[in-house]
1. If a residue must be assigned to a loop (DSSP other than H, G, I, E, B), among the polar types (S, T, N, Q) and in contact (Cβ under 8 Å) with a residue 12 or more places away in the chain, how many such residues does the stretch 54-86 contain?
2. Enumerate the helices (runs of 4 or more DSSP H) found wholly within the stretch 130-200, keeping only those where 2 or more residues are farther than 19 Å from Val111 by Cβ.
3. Of all the residues that make up the stretch 59-80, how many are crowded, with 17+ Cβ neighbours inside 10 Å and at positive phi?
4. Could we say that Ala89 is in a strand (DSSP E or B), touching a Lys or Arg at 6+ places or on another chain (Cβ under 9 Å) and modelled with pLDDT under 95 here?
5. In the stretch 193-214, which residues are farther than 17 Å from Leu170 by Cβ and not acidic (Asp, Glu)?
6. Would it be correct to say that Val54 is under 23 Å from Gly197 (Cα atoms) and either within 18 Å of the chain's Cα centre (by Cα) or aromatic (Phe, Trp, Tyr) (or both)?
7. Among (1) more than 22 Å from the chain's Cα centre (by Cα); (2) in contact (Cβ under 8 Å) with a residue 40 or more places away in the chain, there is one condition Asp127 misses while meeting the rest; what is its number?
8. When residues of the stretch 165-183 are filtered for being modelled with pLDDT of 90 or more and among the hydrophobic types (A, V, I, L, M, F, W, C), how many remain?
Amino acid sequence: MIRVRGLGIQFHQGRRRNLRLRELLFHGSKRNPNHGTFWPLRDVDLDITAGEAVGVVGRNGTGKSTLLKLIAGVLMPDEGSIHLDGKVAPLLELSAGFASDLTGRENVNLVGALHGMSREQLRRNFDHIVEFAGDQVRRSIDAPVRHYSSGMRVRLGFSVIAQLPHPILLVDEVMAVGDAEFRAKCYDTMEHLLAEGRTLVLVSHNESDLTRFCTRGLFINDGGMAVDGSMSDALTAYKEVVEA
């Protein structure tokens, strides 16, 4: 379902990125072009088969979310290749990909359409999407999303993504946001989607969520794949690094 070979992406250090024009003016082409860059991921090989539920762990800044964005096509790799056998339903950030100046209603239609939902599918599922997101979102559905809390954005985003028929589901920490009632809805939905044979890649720091949904675990450390094994093996290796 997901095939990754020799995957790598290079970033510029945030501060250095803002200095590039000044460096060109004062140093010209003599400056080392690789100065101020790093590889959050490099030489990553990965195969995920249909129906697998894979959890990804690692310290902050070690490439977990970057891996999901590469798989989703949000970022383009500098090295290697990614092949997907099916469409992706991504929920990667607290913003859920929403446009802040548009209303919740407009964003539901925009994000749904961008992911291939027809006008009829959106019309048929709209009430369910809003109901799933909760009363707070329902009351604000015609207000600009910039006025939503991060939790409201995640609830609405998850509600939209859960309606997509796509076989690959990418989830990044979204179940950490929201109250107990919403988390219970998320858990029920995830279990339902997995029972349908969907493929899940879940980034989380919540051990309970990882062990609940995932049988396979990836531990990413220092930009590379340190462990690809059981969820238990990946968590053990991660804890050893964190507690060292």
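The values are calculated or read from the model by the stated rules, or taken from the named source; none is laboratory data. Small disclaimer: the values here were computed from a predicted structure and weren't measured. With ideal geometry, Cβ positions are generated from the backbone for all residues, glycine too; neighbour counts draw on all protein chains shown.
1. Quick first cut of the stretch 54-86, residues assigned to a loop (DSSP other than H, G, I, E, B) only: 58-63, 73-78, 85-86.
Still in the running and among the polar types (S, T, N, Q): 60, 62.
From what's left, in contact (Cβ under 8 Å) with a residue 12 or more places away in the chain: 62.
Residues flagged as assigned to a loop (DSSP other than H, G, I, E, B), among the polar types (S, T, N, Q) and in contact (Cβ under 8 Å) with a residue 12 or more places away in the chain within the stretch 54-86 amount to 1.
2. Details: elements: 135-139, 150-161, 180-195.
Result: 135-139, 180-195.
3. Residues that pass the stated criteria total 2.
4. Values: in a strand (DSSP E or B): yes; touching a Lys or Arg at 6+ places or on another chain (Cβ under 9 Å): yes; modelled with pLDDT under 95: yes.
Judged against the criteria, Ala89 is a match.
5. First, the residues of the stretch 193-214 that are farther than 17 Å from Leu170 by Cβ: 195, 207-208, 211-212.
Across the stretch 193-214, the qualifying residues are Ala195, Ser208, Thr211, Arg212.
6. Working: under 23 Å from Gly197 (Cα atoms): yes; either within 18 Å of the chain's Cα centre (by Cα) or aromatic (Phe, Trp, Tyr) (or both): yes.
Considered against the rule, which asks whether it is under 23 Å from Gly197 (Cα atoms) and either within 18 Å of the chain's Cα centre (by Cα) or aromatic (Phe, Trp, Tyr) (or both), Val54 comes out as yes.
7. Just one mismatch for Asp127, condition (2).
8. Counting residues in the stretch 165-183 that are modelled with pLDDT of 90 or more and among the hydrophobic types (A, V, I, L, M, F, W, C) gives 4.
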